[in-house]
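Notes follow once the structure below has been shown.
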2 protein chains.
Amino acid sequence: MELQIADIATLIGEPVRAKILWALLDGRAYTATELALFADASPQNASIHLSKLVKADFLEVATQGRHRYYRFSNQNVAYAIEALANLIPDKKAVSKPADEKHGIKYCRTCYDHLAGKVGVLINEALITKGITVQSENNYRVSDAGVEWFLRMGIDVDLLKDERRFFAKPCLDWSERRYHIAGALGAAILQRMLLLDWVRKTKNSRTVLITNKGKNELYENLGIEV
Amino acid sequence: MELQIADIATLIGEPVRAKILWALLDGRAYTATELALFADASPQNASIHLSKLVKADFLEVATQGRHRYYRFSNQNVAYAIEALANLIPDKKAVSKPADEKHGIKYCRTCYDHLAGKVGVLINEALITKGITVQSENNYRVSDAGVEWFLRMGIDVDLLKDERRFFAKPCLDWSERRYHIAGALGAAILQRMLLLDWVRKTKNSRTVLITNKGKNELYENLGIEV
DNA sequence: TTCATACTTAAGCCAGTACTTAAGTGTCTG
DNA sequence: CAGACACTTAAGTACTGGCTTAAGTATGAA
């Protein structure tokens, strides 16, 4: 009996699984990839954890095409998580799983570049640091900026050869401020995807930021996300 | 946030700690030694676990002389444990922490020998196996029995030299059946304590049986405790 | 049919943590 | 006061269990 409780608690006690369960507390169903992002875990690792949670009847899974949607299999699981949350010493910082840090307003793609709050922050940080300079209705990259982008793995000169416009401000509907559209904006997003700073989600335009991404954005641009 | 939940669940998820918490669910306070026995852990190990539980504010401790009494520091802990218990797949076998397996009627000392249900069972098993033989108002040990006791680390011949009576039936008030009193009974208890099959508790006459003890009693005497 | 995506499974490496042995502190008993 | 007892702390060992790399299946798109 007490050993079964230990098993159950152990199942919840693993950080990645705890994050997954926390993300699912809103009662919705999420795909394995989305949950891996929430938990900042590799897809393989998340998959293993999810299968354990399903086996323990914490979660149930519904396959839709190539997606697998996971959700709580009964509300007792949610109760248990909340009972555990009640044991957290200082309760002042308790906040329900918020869309704010994950929602479409926070970080999304706009056509092929980054938008949302994070897109805007990046744009403004680049200007503040003198990496990009606004002139009339477009951006250009300073000499120091060319260096900076090279270190990031982006060859600005190559981008200029593309037929499309290089970089111009794009008004962000959610922020009412500007982010970077054009070849440069697309290159930044591509690079961030490649470096696993952000990852795309299924059919949504929402983009999720990995822990690595958070750290790197802070290191390289002083942005706190 | 979700990480704090993971920490809390991890704390409950360790088998020894889970057993301790389960034992404390009756709301009473127990000494470190008693809890070590409940959890079938060494005193040192239990002590470490207890200090962790206190540090996390799951338990509070009150020192009384050389005893330290542990109990839940608030009822949220009990709620959380029960919420976890609700997640146990098949609930038919759920039983509240019972005194039956731990109480004074189950296993205790009677002066310096073993009494209670376990004392009676041992006595009867020894007779059934022909290790001891009842004659009039005392027990004697058969030739095969002398061998058996030697394997157990008890030299019967040495016991006979003691001034006190060797072995006689002692009516057990709780069982209304007999257990073994006298030098032999005392030697059995001493040996069982030494081998860590049973352990004494504080000021109580109650004796608790370790998992090792349970196994050995089954192996050597076919007793299921 | 070929490629990309979504997800799972297998195998080996690595780290955190429980448990053991050993030693130390404080308390009660004879 | 000596000795037993209740409990804690420290140090070293061992093992469970998570994470990574790698490979495989199935679905959908081109």
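Read-outs throughout are calculated quantities, based only on the coordinates presented, and are distinct from any laboratory measurement. Because the structure is a prediction, the values reported are computed rather than measured. Methodologically, a virtual Cβ is constructed for each residue, glycine included, from the backbone with ideal geometry; neighbour enumeration extends over all protein chains shown.
Tabulated values for the structure
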quantity	calculated
Fewest-first sequence of B:ARG17, A:ARG140 by Cβ atoms within 10 Å of each Cβ	A:ARG140, B:ARG17
At 7 Å out from Cα toward Cβ: A:ALA78 inter-copy label distances (nm, ascending)	2.7
Per the axis that maps chain B onto chain A, nearest residue of B (Cβ criterion) and its distance in Å	B:ALA83, 2
Peptide A:72-79 - average C-beta neighbours from other chains (10 Å radius)	2
Under Karplus coefficients 6.51, -1.76 and 1.60, residue-wise ³J(HN,Hα) of the range A:207-212 in Hz, glycine/proline x	10, 10, 9, 7, 4, 4
Under-5 Å amide H pairs with B:THR210, H placed in peptide plane, nonlocal only	B:VAL198, B:ARG199
Residues B:LYS19, A:LYS55, A:LYS200 arranged by fewest to most Cβ contacts within 10 Å	A:LYS55, A:LYS200, B:LYS19
Net charge contributed by nearby residues that have their C-beta within less than 14 Å of B:GLY130 (K/R +1, D/E -1)	-1
Per-residue Cβ neighbour rank within 10 angstrom, fewest leading, B:THR31, A:THR63, A:THR132	A:THR63, B:THR31, A:THR132
Paired Rg and Dmax values of the range B:2-93, which use every Cα atom, in angstrom	13.1, 43
Inter-copy spacing of B:GLU219 label points, which lie 7 Å from Cα along Cα→Cβ, given in nm from shortest upward	5.6
Rounded Å value of the spacing that divides the Cα centres of the range A:15-37 and the range A:48-79	9
Backbone HN-Hα couplings from phi across the range B:6-18 [Karplus 6.51/-1.76/1.60, Hz, Gly and Pro as x]	4, 4, 5, 5, 4, 4, 7, x, 7, x, 5, 5, 4
Table column - 3J(HN,Hα) (Hz), the range A:67-77, Karplus curve with 6.51, -1.76, 1.60, x for Gly and Pro	9, 10, 9, 10, 7, 4, 8, 7, 6, 4, 4
Under 5 Å, built H, 5+ apart or other chain: amide partners of A:LEU114	A:LEU189
Above-threshold pairs, the threshold being 29 Å between Cα atoms, out of A:LYS19/A:LYS168; A:LYS55/B:LYS55; A:LYS19/B:LYS55; A:LYS212/B:LYS55; A:LYS117/B:LYS55	A:LYS19/A:LYS168; A:LYS55/B:LYS55; A:LYS212/B:LYS55; A:LYS117/B:LYS55
Label-point gap, in nm, between A:ARG191 and B:LYS160 - each point 7 angstrom along Cα→Cβ	9.5
Inter-copy separations for A:LYS200, label at 7 Å along Cα-Cβ, nm, ascending	7.4
